[in-house]
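Written out below as structure tokens is the structure these notes cover.
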Amino acid sequence: MTVAAQACYIYGIVPAGTTVPVELAGVEGAPVELVEHDDLAAVVSGLTAERPLGKRADLVAHSEVLDAFAREGAVVPVRFGSVLPDTADVVAELLAPNVEHFLEVLEQVAGCAQFNLRARYDEEVVLAEVVAEHPEIAELREQTRDQPEDATYYARVRLGELVSQALSGRREIEGSAILEALLPHAVAYNVREGEGVDHLLDVAFLVPTEQREAFEAEAEDVAARLHDRARLRLLGPLAPYDFVPEG
Amino acid sequence: MTVASQRHSGGYLERPKPSGLADVVEVILDKGLVIDAYVRVSLVGIELLTIDARIVIASVDTYLRFAEATNRLDLYEKGGKDLPEVIEGMQESGARGKTSGAIEGAKSKATDAIGSAKEALSGEEEEEEEQEEPRRQRRPAKKTSQRRRRQEA
């Protein structure tokens, strides 16, 4: 540990004996090290600055370190911004009391990577569909557009409510179809909440290495099927952020 | 928006590297094992970042934004285009990126921590390079963002 370090930043938990990926820099560019105990090791780096964490570089360092470990083997991500006073505390407070628990979680995520899929409607296309399909929406739209906002307040609230309902019905059907196409290639998934006119689906998948190619190919197919009305983005492979217990 | 994207063999699936602030925030915020608060060294800033992303917005505001988006549409006025034409026109004019900007601008307070970071990303490359604290980017003045959306629309 760096001599001047005042605290110990924690990225995650890995099996003991894991090798630190070469040239991996942590928060503030500090070297990433392992603190081992029993069959576990905590991935840490020294922290010197007395400033709030949360700058872009801090967030990026956190995720880059974890994703680098995830490419080599199993890792349990710890929440961003977790800091303990020193390495002795890492063993006493974090590792020692939780050996069984952490080994179990490591086993669950071993051989898997997380992929985050984000699907967004093409706003103009989907709104045009909604207006075309719902006469009441079309009518309210005619009544309210090009009118003074104050004069049409309640009509606009009603219009928005109807549009919101129509969109969520659509999302439910199309979001489920996307999930169903991809789930055969994943061992777990976590649908994240979202909102906004264009929101279609935000979901994290836990994908076994041997399924990765099939998963990515299927995601391509889904994106191609939806390309005239939605955009799909796939992030990954990532550390299994969504698939570790919070406690 | 697609600046950082890599497309596989001309496919439709965007595969960006998750190094943009918006993606990273979205991926890691509120995720991962939580260490007991009382053994942690307290660093002000983290808690704020986490809590603010959870603010729930009033539904009336949401509805008004949906209504605004619907009324922004120019479906019938421009020579009564039907749907396939609208789609084609959008692809040809490359309006996709522009739409995306408007969409990101419409993000509510609930996801402003994430949404505003996305706005930063969907804008100029220099903006993405800014070493700005996400907390500070969080609240774009509402009126400003509405005005900008109208100009784009």
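Looking at (1) away from chain B (no Cβ under 13 Å); (2) surrounded by fewer than 19 Cβ atoms within 10 Å (Cβ to Cβ); (3) touching a residue at least 24 places away in the same chain (Cβ under 8 Å), which one does A:VAL22 not meet, given that it meets all the others?
Among (1) away from chain B (no Cβ under 13 Å); (2) surrounded by fewer than 19 Cβ atoms within 10 Å (Cβ to Cβ); (3) touching a residue at least 24 places away in the same chain (Cβ under 8 Å), the lone unmet condition for A:VAL22 is (3).
Filter region A:232-247 down to residues that are outside any strand (DSSP E or B) and in contact with a helix residue (DSSP H, G or I) (Cβ under 7 Å, 6 or more places away or on another chain) and give me whichever is farthest from B:GLU26 (Cα to Cα).
Initially, region A:232-247 is screened for residues outside any strand (DSSP E or B), giving A:239-247.
If we keep only those that are in contact with a helix residue (DSSP H, G or I) (Cβ under 7 Å, 6 or more places away or on another chain) as well, we get A:239-241, A:243-245.
Numbers: A:ALA239: 13, A:PRO240: 14, A:TYR241: 11, A:PHE243: 15, A:VAL244: 16, A:PRO245: 18 Å.
It comes out as A:PRO245.
Go through region A:81-91 and report how many residues are at pLDDT 90 or above and either at the interface with chain B (Cβ under 7 Å from one of its Cβ atoms) or open to solvent by 10 Å² or more (accessible area, probe 1.4 Å) (or both).
3
Have a look at A:VAL43, A:VAL125, A:VAL65, A:VAL78 and point out the one that is crowded, with 22+ Cβ neighbours inside 10 Å, at the interface with chain B (Cβ under 8 Å from one of its Cβ atoms) and at pLDDT 90 or above. Walk me through how you get there before you give the answer.
Working: A:VAL43 fails: at the interface with chain B (Cβ under 8 Å from one of its Cβ atoms); A:VAL125 fails: crowded, with 22+ Cβ neighbours inside 10 Å; A:VAL65 fails: at the interface with chain B (Cβ under 8 Å from one of its Cβ atoms).
Exactly one residue qualifies, and that residue is A:VAL78.
Please go through region A:137-177 and pick out each residue that is among the aliphatic types (A, V, I, L, M) and within 12 Å of another protein chain (Cβ to nearest Cβ).
Within region A:137-177, A:ILE137, A:ALA138, A:LEU140, A:ALA155, A:VAL157, A:LEU159, A:LEU162, A:VAL163, A:ALA166, A:LEU167 qualify.
Looking at region A:162-181, is at least one residue among the small types (Gly, Ala, Ser), open to solvent by less than 40 Å² (accessible area, probe 1.4 Å) and at positive phi?
no
Would you point out the residue of region A:46-56, among those that are in contact (Cβ under 8 Å) with a residue 24 or more places away in the chain and within 11 Å of another protein chain (Cβ to nearest Cβ), that is surrounded by the fewest Cβ atoms within 10 Å (Cβ to Cβ)?
Among them, the one singled out is A:GLU50.
Name the residue that is most open to solvent (accessible area, probe 1.4 Å), counting only residues in region A:214-231 that are in a loop (DSSP other than H, G, I, E, B) and touching a residue at least 24 places away in the same chain (Cβ under 8 Å).
A:ASP228
How many residues does region A:182-197 contain that are surrounded by 15 or more Cβ atoms within 10 Å (Cβ to Cβ) and more than 23 Å from B:ASP30 (Cα to Cα)?
4
The values are calculated or read from the model by the stated rules, or taken from the named source; none is laboratory data. Here the structure is a predicted model, which means the values were calculated and not measured. Note that each Cβ is placed from the backbone with ideal geometry, even for glycine, and that neighbours are counted across all protein chains shown. These accessible areas exclude ligands, DNA and RNA; they are computed on the full protein's heavy atoms, side chains included. Shrake-Rupley method; radii C 1.70, N 1.55, O 1.52, S 1.80 Å.
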